[in-house]
Amino acid sequence: MGREFASAVARWCHLSDMDVRPEIVAICDANEKIMEWYTQNFASIKQVTKNYKELLANKDVEAVYIAVPHNLHQEFYCAAIEAGKHLLGEKPFGIDKTANDVIMAAIKKHPDVFVRCSSESPFFPAVQRIGDMIEADVLVQF
């Protein structure tokens with residue numbers, strides 16, 4: 001999932017109406033081959049580490065995308081939130097209800113941190129239209 005996210009960042013330039021541009025400045029992975037792929041494709045990367053705590057300590061990292069197995073969501077998501085990093089995480093937010101409760105408590109404790117669940121389709125035309133309809137308050141409820 002991380003490489004898919006990075007590829008989406010690389011394709012961001014086609015979103016000409018967007019006034020922001022994401023930049024990958026750090027990566028963390030246990031697989032050196034994958035880290036090599038990132039550094040070969042993204043010149044903006046300044047930190048490469050196998051230790052996620054080192055990445056979270058990096059003041060140049062404003063937001064993180066975390067793609068780890070579900071059983072690690074609580075540990076990694078809470079660490080990112082506690083570090084003050086905006087978080088894009090994968091579903092589910094925790095392996096079970098207990099883990100989800102811990103993650104939700106961390107979110108509540110840090111309201112200044114923007115936390116969202118990953119969505120692969122926010123810029124699809126149909127999803128954009130639904131968003132426009134929600135903002136215009138024209139959706140009909142059944």
Sort 128-138, 56-66, 33-43 for me by packing, meaning the mean count of neighbouring Cβ atoms within 10 Å per residue, highest on top. 56-66, 33-43, 128-138
How much mean residue ellipticity at 222 nm does the chain get from its helices, if each DSSP H run of length 4 or more adds -39500 (n - 2.57) and you divide by all residues, to the nearest 500 deg cm²/dmol? -12000 deg cm²/dmol
Using +1 on the beta carbon of Lys and Arg, -1 on that of Asp and Glu, and nothing else charged, what's the dipole of the chain about the Cα centre, debye to 20? 240
For Rg and Dmax of the Cα atoms in Å, which listed value, (i) 16.7, 52; (ii) 19.6, 72; (iii) 23.4, 77, comes from the coordinates shown? (i)
Skip the ligands, DNA and RNA, and give the accessible area per residue of the chain with a 1.4 Å probe, whole Å². 69
F93 accessible area, 1.4 Å probe, all protein chains in place, Å² to nearest 10: 30
Give the carbon-plus-sulfur fraction of the accessible surface of the chain in %, rounded to a whole number; probe 1.4 Å, heavy atoms of protein chains only. 56
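The values are calculated or read from the model by the stated rules, or taken from the named source; none is laboratory data. As the structure is a computational prediction, the values presented were derived from the model and not from experiment. We place every Cβ from the backbone using ideal geometry, glycine too, and count neighbours over all the protein chains shown. Just the protein is used for accessible areas: all its heavy atoms, side chains included, with ligands, DNA and RNA removed. Shrake-Rupley method; radii C 1.70, N 1.55, O 1.52, S 1.80 Å.
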